[in-house]
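Asks: Provided herewith is a single structure, encoded as structure tokens, for subsequent inquiry.
The values are calculated or read from the model by the stated rules, or taken from the named source; none is laboratory data. A quick note: this is a predicted structure, and the numbers were derived from the prediction, not measured. Cβ placement follows ideal geometry from the backbone for every residue including glycine, while neighbour counts extend to all protein chains displayed. Surface areas here come from the heavy atoms of the whole protein model, side chains and all, with no ligands, DNA or RNA. Shrake-Rupley method; radii C 1.70, N 1.55, O 1.52, S 1.80 Å.
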Amino acid sequence: MINQQITGKNQIVTKDKNKKNNNRKYLIENISSKVFMISASISVISLLLIIGFVFYKGLTPFLFKGYSFIDFLTGTDWLPNSDKFGVAPMIVASIVATMGSLIIGVPIGIFTAAFLAEIAPKPVQKIISPAVELLAGIPSVLYGLFGLAFIVPNIQKLLNLPKGQSLLAVILVLAIMMLPTIISVSQTAIKAVPKAYKEGSLALGASKIETIFKVVLPAAKSGILAAVVLGIGRAIGETMAVILVAGNSPVIPTSIVDSVRPLTTNIALEMGYAYGTHQEMLFATGVVLFMFILILNLVLRKLTSKGEQ
């Protein structure tokens, strides 16, 4: 009888402990979910505040001051003192510089990623992979200093130019800067290709190089395209490095050795002293740049969804 009473008391104590533990778990679960929700909300609210502020300031001249947004996009003169605001030269410079850097950076990046993922022995990987990671961690201003001290003088000397700060210097610097992004993302995509694909290709008599070009790279196509889009985003949004090597002339380039002023550079150079309409037009330049980035993100999502299908 006494043993039964003791057993019953122990069961009650155990149930109470389990109940307290369950209540504690539910409390921690609820708090954690709320913390996650608050964190996600902060991210979304921050994005909306940034977009709202930039668009409000950037669209004010066109909505309330009678300026034409079409003239702003197609105008070729940027003369704030004369009330002339045209960003066509900056748009052309940004697009041409980005496309030129892609022509150089994409093949090098993809070939390097394929080499690291499929060909390179481990001792070589241990050297190249940290170098690529270190390249990604270098501040952009140091890329600009390298371009100013090495690339610009060599362009000036080799091409016999009055100065080496040019569209070509911008392309070369941006090509180097986008390499870490393209290499790392492409390498991840290539490593994700199932081994059965490679083994099947090799079993059919294909060489290792043929397998890489005809099986592995096509299978990793969506990831590689995503890497390219991210590289474009890095190139089109770069500022500090470009300021040092572009020459910063707000004219439409007619040659690869002309001085240029991309969109980001235009904002960085003049925002410090701009006011009134001039400042609002710089925000409008930011709106144009934001639209480019938005289009890139939409393209990236489209490519990712196609890859999943």
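Asks: Can you pull out every residue in region 51-80 that is modelled with pLDDT of 90 or more and open to solvent by 100 Å² or more (accessible area, probe 1.4 Å)?
Replies: Listed by number, the residues that qualify are F53, Y56, I70.
Asks: Could you run through region 210-231 and say how many residues are at pLDDT 85 or above and hydroxyl-bearing (S, T, Y)?
Replies: 1
Asks: Just to be sure I understand, how many residues within region 81-94 are surrounded by fewer than 16 Cβ atoms within 10 Å (Cβ to Cβ) and touching a residue at least 12 places away in the same chain (Cβ under 8 Å)?
Replies: Counting residues in region 81-94 that are surrounded by fewer than 16 Cβ atoms within 10 Å (Cβ to Cβ) and touching a residue at least 12 places away in the same chain (Cβ under 8 Å) gives 1.
Asks: How many residues does region 162-214 contain that are more than 21 Å from the chain's Cα centre (by Cα), among the polar types (S, T, N, Q) and either under 27 Å from S101 (Cα atoms) or open to solvent by 20 Å² or more (accessible area, probe 1.4 Å) (or both)?
Replies: Qualifying residue count for the region: 3.
Asks: Exactly one of these conditions fails for I127: (1) part of a helix (DSSP H, G or I); (2) of a type in the set (A, V, I, L, M); (3) surrounded by fewer than 22 Cβ atoms within 10 Å (Cβ to Cβ); (4) touching a helix residue (DSSP H, G or I) at 6+ places or on another chain (Cβ under 9 Å). Give me its number.
Replies: It fails just one condition, (4).
Asks: Same structure, new question: Would you please name the residue that is nearest to Q279 (Cα to Cα), looking only at residues in region 55-97 that are charged (D, E, K, R), touching a helix residue (DSSP H, G or I) at 6+ places or on another chain (Cβ under 8 Å) and part of a loop (DSSP other than H, G, I, E, B)?
Replies: Checking each candidate, the answer is D83.
Asks: For region 240-278, name all the residues that are β-branched (V, I, T) and within 20 Å of the chain's Cα centre (by Cα).
Replies: Result: V242, I243, T264, T265, I267.
Asks: Output the qualifying pairs, or none if there are none: Cβ atoms under 7 angstrom, residues six or more apart or on different chains, first residue in region 41-66 and touching a residue at least 40 places away in the same chain (Cβ under 8 Å), second residue among the charged types (D, E, K, R).
Replies: K57/E280; G58/E280; T60/E280; P61/E280
Asks: In addition: I want to confirm something. Restricting to region 130-161 and keeping residues that are among the polar types (S, T, N, Q) and in a helix (DSSP H, G or I), which single residue is least open to solvent (accessible area, probe 1.4 Å)?
Replies: Per the stated criteria, the residue is S140.
Asks: Something else about it: Pick out the one residue from I155, I103, I128 that is closer than 18 Å to I183 by Cα, more than 19 Å from the chain's Cα centre (by Cα) and of a type in the set (A, V, I, L, M).
Replies: Checking each option against the conditions leaves just I128.
Asks: Looking at (1) closer than 28 Å to F111 by Cα; (2) open to solvent by 50 Å² or more (accessible area, probe 1.4 Å), which is the only condition G272 fails?
Replies: Going through the list (1) closer than 28 Å to F111 by Cα; (2) open to solvent by 50 Å² or more (accessible area, probe 1.4 Å), G272 breaks only (1).
Asks: Just to check your reading of the model, which residue among R261, R234 is among the charged types (D, E, K, R), at pLDDT 90 or above and buried (at least 16 other Cβ atoms within 10 Å of the Cβ)?
Replies: After ruling out the rest, the residue left standing is R261.
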